Amino acid sequence: MQTLAVGDEERLFFLSDLHLAEDRPATTAAFLAFLADQAPLCRRLVILGDLFEYWIGDDDDRPLATQIASALRRLSDQSTTCYFMAGNRDFLLGDAYAERAGMVRLEDPCLLTANRLRLLLMHGDTLCTDDAPYQAFRRQVRDPAWQADFLAQPLAARRAFATEARARSQAATAGKSDEIMDVNAAAVVATLDSAGGADLLHGHTHRPGHHRHRVGQRDCERWVLADWADRAEYLVWEGGEIHPVTGMPAAG
Ligand code: MN
């Protein structure tokens, strides 16, 4: 498993599920304000997937992608290292865009370590094992051959596919129960057990929270990130503790 070692005195910010899109200008504005005002206060900014509502290839030259890349690049050119783990919406975001945006790509899962921290980072969709149709879809689109075939299509065809996939996802989500859409507790415990009883931080479910899971002899903590549908919300790790920050607090 990929590991990322950090210093105990560093401040890290975590966020996910902004679902940036042309029809959500308020979220884009909130994220740009966050990158300019709050993000420079942390040593590392970790984006855990679904930064974008959809991604059809790094060659997509839509203005939103360029605008976000420039803002992220400005941040990493200062003093904040930016990381990106793919979500189920932007899993096609590749090396070319990550480089343009100054982001280091992370595998899913990735183990973050410090002297006082062992934190498993995931997008979270792989923990939703009760949603069999989604897991089948995921296996298909994460297949390198499928991806190569998709990326070889003209941009217009890929854009049409993404529009259709968004509509299909909305329809499927509407027909699924809350339980099926959430993480499976046994999958969480098995994952944390295989990571040696680490704590867990993930997004994807859009159900921000703080949970405990008994893993062997240990109570492991699980932090779930918020989406940015109504307001900016991210998790901060500093001084050996994780805590949520909501809204746009004054810098300082
Ligand atoms: Mn997701």
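Here are a few things to note about the model shown:
- Boolean, residue 161 is within 16 Å of the ligand (Cβ to nearest atom), of a type in the set (Phe, Trp, Tyr), at pLDDT below 95 and over 28 Å from residue 13 (Cβ atoms): no
- Residue 229 meets the stated requirement of being within 16 Å of the ligand (Cβ to nearest atom) and of a type outside the set (Val, Ile, Thr).
- Yes/no for residue 244 being under 30 Å from residue 117 (Cα atoms) and either hydrophobic (A, V, I, L, M, F, W, C) or out of contact with any Cys (no Cβ under 6 Å at 6 or more places or on another chain) (or both): yes
- Pairs are defined by a Cβ separation below 6 Å, a sequence spacing of at least 6 or placement on different chains, a first member in region 107-135 that is on the phi < 0 side of the Ramachandran plot and among the charged types (D, E, K, R), and a second member that is crowded, with 19+ Cβ neighbours inside 10 Å and part of a loop (DSSP other than H, G, I, E, B); the pairs so defined are 108/123; 118/198; 125/88; 125/204.
- Looking only at residues in region 136-157 that are away from the ligand (no atom under 13 Å from the Cβ), of a type outside the set (A, V, I, L, M, F, W, C) and part of a helix (DSSP H, G or I), the one that is farthest from residue 4 (Cα to Cα) is 149.
- Here region 107-151 is the region considered, the condition is being aromatic (Phe, Trp, Tyr) and surrounded by 13 or more Cβ atoms within 10 Å (Cβ to Cβ), and the residue that is farthest from residue 182 (Cα to Cα) is 150.
The values are calculated or read from the model by the stated rules, or taken from the named source; none is laboratory data. This is a predicted model, so every value here is computed, not measured. All Cβ positions, glycine included, derive from the backbone under ideal geometry; neighbour counts span all protein chains shown.
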